[in-house]
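The values are calculated or read from the model by the stated rules, or taken from the named source; none is laboratory data. From a predicted model like this one, the values you see are computed outputs, not experimental measurements. All Cβ positions, glycine included, derive from the backbone under ideal geometry; neighbour counts span all protein chains shown.
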Amino acid sequence: MDPRILEGARRAAAANGWRSATLADIADAAGVSRMTLHRRGVDRAAVRKALIGSIEDAYREAFWPILTGQGSARERLEQALLAECEVEERFPGIGEAFTEAEWEEAFHQPGGEMMTRDVYVAPLRRILSDGQADGTLDVADPEATATLLFNLVAWTYRHLRSGHHWSHERAAAAVVSVALHGVAS
């Protein structure tokens, strides 16, 4: 999808909430006409799919240097959780963006007891496993803990930013501190 349209969708969702953002709002925010979207076959489903893809890409880009970087698992986990807040900051209003079914499709693995999709939690799971090995993290179940940490940080960070109007720095520092202390050795 044209990056301008994707950025317009992100801005329209941030301004009005995804459910309220119309294709006309997205077109206006993207600096294109509504007819341009129509001619390109862009509808809300296509925009939502592209938006989810851009969120996934943002997480991959944020986590990769941390996974391949130096430092103890505890240090890298702190970096990863702060990176998660940075990604969340780039997509304001995303928590309210989707219906429950759309949310489950975008963020949850299918099956009985749902876990968060690997694109979001596999890097955290790897760092948690590394922490078991180097003794800097106390984690019995890296898979469940990765899902817990990802959701704890994302949802709490979003709420502190939108509901309590905390600054990015304050919300990120507070939520990461609490999350990190829950697993640090």
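If the requirement is being buried (at least 21 other Cβ atoms within 10 Å of the Cβ) and in a loop (DSSP other than H, G, I, E, B), which of these qualifies: Val42, Val32?
Val42
Here is a check on your reading of the model: is Val47 assigned to a helix (DSSP H, G or I), among the β-branched types (Val, Ile, Thr) and free of Cβ contacts under 8 Å to residues at least 60 places away in the same chain?
Yes, satisfied.
Considering (1) in contact with a Leu (Cβ under 8 Å, 6 or more places away or on another chain); (2) buried (at least 19 other Cβ atoms within 10 Å of the Cβ), say which one Leu160 fails and leave the rest.
(1)
For (1) part of a loop (DSSP other than H, G, I, E, B); (2) over 28 Å from Ser167 (Cβ atoms); (3) at pLDDT below 95, each residue gets a yes or a no:
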position: Leu51; (1), (2), (3): no, no, yes
position: Ala62; (1), (2), (3): no, no, no
position: Ile66; (1), (2), (3): no, no, no
position: Leu77; (1), (2), (3): no, no, no
position: Glu89; (1), (2), (3): no, no, yes
position: Phe98; (1), (2), (3): yes, no, yes
position: Gly111; (1), (2), (3): yes, yes, yes
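With Leu180, Leu152, Leu148 as the choices, which residue is free of Cβ contacts under 8 Å to residues at least 60 places away in the same chain and touching a helix residue (DSSP H, G or I) at 6+ places or on another chain (Cβ under 6 Å)?
Among Leu180, Leu152, Leu148, only Leu152 is free of Cβ contacts under 8 Å to residues at least 60 places away in the same chain and touching a helix residue (DSSP H, G or I) at 6+ places or on another chain (Cβ under 6 Å).
If I filter the stretch 137-173 down to residues being in a helix (DSSP H, G or I) and small (Gly, Ala, Ser), which single residue comes out as farthest from Arg126 (Cα to Cα)?
This residue is Ser162.
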